[in-house]
Amino acid sequence: MATFDANTVGSDVSPSYSPVLEIKPQVTTVKMGDGYEQRLHKGLNVAPRIWRLSFDKRNNSVTTNILNFLASSIGGNNGQKAFDWTPPYGLTGKWKCEQWSVTNVSYDLNDISLEFIEVFET
């Protein structure tokens, strides 16, 4: 399994300041009479992390390396394969990236936005 890091991607992959972490636990709520309710988790891994990352002001070479990793069969395979990644705070896990965007700010200068979703697999 590939790792989203400088060695594999071939460029600096440190996100810009202000990455966003979203956690939305998967809970089923059953409402009973008289205002009572029961809450149950849906499975074992009920709180996958979602990171929204920005890579601001990256040159075309770095941008191409990141996009190639996400598209390659060794890396993310266009959202189909998971890869290893260590978030800004937290343990290394398995992630997928199903959507990304690139904004060309000026000549040889791009802003990249990625969304990494934690997956649970062997």
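The values are calculated or read from the model by the stated rules, or taken from the named source; none is laboratory data. Everything numeric in this text was worked out from a predicted model, so none of it was measured. Ideal geometry is used to build each Cβ from the backbone, glycine not excepted, and the neighbour counts take in all protein chains shown. What goes into the accessible areas is simple: the full protein's heavy atoms, side chains included, and nothing from ligands, DNA or RNA. Shrake-Rupley method; radii C 1.70, N 1.55, O 1.52, S 1.80 Å.
Here are a few things to note about the model shown:
- Per residue, the chain exposes an accessible area of 63 Å² to a 1.4 Å probe, with every protein chain left in place.
- Near-label residues of the stretch 31-72 by backbone N, under 16 Å of a point 7 Å along Cα→Cβ of Asp108: 57-65
- Helix 60-71 axis versus longest C-alpha principal axis of the chain: approximately 40°, rounded to the nearest ten.
- With all pairs of different C-alpha atoms in the average, the Kirkwood value for the hydrodynamic radius of the chain is 15.9 Å.
- Amide H contacts of Val119: Lys94, Trp95, Lys96, each under 5 Å away and 5 or more positions distant or on a separate chain (H built 1.01 Å from N in the peptide plane; Pro and chain starts excluded).
- Only lysines eight or more places from Lys42 in sequence, or on another chain, were considered; those with a Cα closer than 21 Å are Lys24, Lys31, Lys94, Lys96.
- In sequence order, calculated HN-Hα J values of the stretch 93-100 (Karplus, 6.51, -1.76, 1.60; Hz; x Gly/Pro): x, 9, 9, 10, 10, 9, 8, 8
- Applied to the stretch 21-36, the Karplus parametrisation 6.51 cos²θ - 1.76 cosθ + 1.60 on θ = phi - 60° returns per-residue 3J(HN,Hα) values of 9, 10, 10, 10, x, 8, 10, 9, 10, 10, 8, 9, x, 6, x, 6 Hz, with x for Gly and Pro.
- As a fraction of the 1.4 Å probe accessible area of the chain, surface on carbon and sulfur atoms comes out at 50 percent.
- Divide the volume of the convex hull around the Cα atoms of the stretch 1-57 by the residue count and you get 99 Å³ per residue.
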